[in-house]
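**Q** There's a structure below that I have some questions on.
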Amino acid sequence: MSIDTFPALGTAPTPLTLDRLIELTAATAADVRAGLHEIRFDAENRWSVRLRGDAYADVWLITWTQDQSTALHDHAGSLGALTVVSGTLTEHYWASGLRDRTIANGHGAAFPLGHVHDVVNRASEPAVSVHAYSPPLTAMSYYDLDGGRLRRTHSVLTHDPEPDVVTLDDVPTIGAAPAGEASR
Ligand SMILES: [Fe+2]
């Protein structure tokens with residue numbers, strides 16, 4: 001997806017474009033496939049770790065066992081993107097109605113401002129994905145469907161795209177300097 005697809009919604013207070021975020025998640029996904037980052041799965045809660053963060057973007061690694069999902073949410077004032085490292089994710093997203101798309105291993109998606117979605121692993125195989133947000137995530141709002149219309153239920157101030165699950169900020173990168181030095 002290109003920023004040109006949503007010219008009115010693609011502007012955020014960041015020099016990074018949606019295309020750049022896709023490139024960032026794709027490059028990080030390649031690092032994950034190369035074994036540079038530890039991956040864990042948790043059947044109770046989605047597992048996530050922040051791989052890097054600076055003033056411009058945060059990059060997260062998230063794992064999904066079967067049927068693990070987010071709820072319908074947005075990313076407040078941040079642009080977002082993801083690349084699937086392994087497995088297959090299904091995205092339910094709002095576009096004047098709830099629509100579905102499948103994001104397979106090696107593919108990605110970008111999220112302009114105002115993008116509302118739910119991501120789920122419908123497959124039996126676990127999935128791994130890399131997500132980036134720019135500027136770094138500060139808040140998320142959650143939604144439900146009310147008579148076929150989107151209704152915001154609540155908002156949370158959070159730097160974490162998985163605010164309801166356990167996260168680790170400092171899982172070391174294999175073969176690299178201690179986290180916090182290498183990830184900046
Ligand atoms: Fe999201």
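Nothing in this text is a laboratory measurement; each read-out follows from the coordinates by a stated rule. These numbers come from a predicted model, not from an experiment. So basically every Cβ, Gly included, is an ideal-geometry build from the backbone, and we count neighbours across all protein chains shown.
**Q** Distance in nm between label sites at Ser69 and Asp42, each 7 Å beyond Cα in the beta-carbon direction?
**A** 2.1 nm
**Q** 7 Å from Cα along Cα→Cβ at both Thr102 and Glu23: what's the point-to-point distance in nm?
**A** 3.0 nm
**Q** Right, something else. Report the Rg/Rh value for segment 51-174, based on alpha-carbon coordinates and the Kirkwood definition of Rh. It would help to have the intermediate numbers written out before the result.
**A** Numbers: Rg = 14.1 Å, Rh = 14.9 Å.
Taking Rg over the Kirkwood Rh, I get 0.95.
**Q** Same structure again: Among 25-34, 99-108, how do they line up by average Cβ neighbours within 10 Å per residue, starting with the highest? Numbers along the way, then the final one.
**A** Values: 25-34: 17.5, 99-108: 14.5.
Final packing ranking: 25-34, 99-108.
**Q** Can I ask one more? Roughly how many whole Å is it from the C-alpha centroid of segment 46-64 to that of segment 70-92?
**A** First find each Cα centre; the distance between them is then 12 Å.
**Q** Still on this structure, please answer the following. What list of ³J(HN,Hα) couplings, whole Hz, do you get for segment 45-54 from phi and the Karplus terms 6.51, -1.76, 1.60, once you set θ to phi - 60° and write x for glycine and proline?
**A** Working through the residues one at a time gives 9, 4, 9, 8, 8, 7, 7, 7, x, 8 Hz.
**Q** Now a separate question. Using only Cα atoms, figure out Rg for segment 76-134 and give it as a multiple of 2.2 N^0.38 Å.
**A** Normalised Rg, Cα atoms only: 1.10.
**Q** So if we plug the beta-carbon distance of Arg152 and Thr90 into 1/(1 + (r/R0)^6) with R0 = 22 Å, what FRET efficiency do we get, rounded to 0.05?
**A** Details: r = 23 Å, r/R0 = 1.02.
According to the calculation, E is roughly 0.45.
**Q** Now, a different point. When the convex hull of the Cα atoms of segment 25-110 is projected onto a plane and the area is averaged over all directions, what value comes out in nm²? Before the final figure, lay out the partial values.
**A** Values: hull surface 25.0 nm².
Mean shadow area of the hull around the Cα atoms is 6.2 nm².
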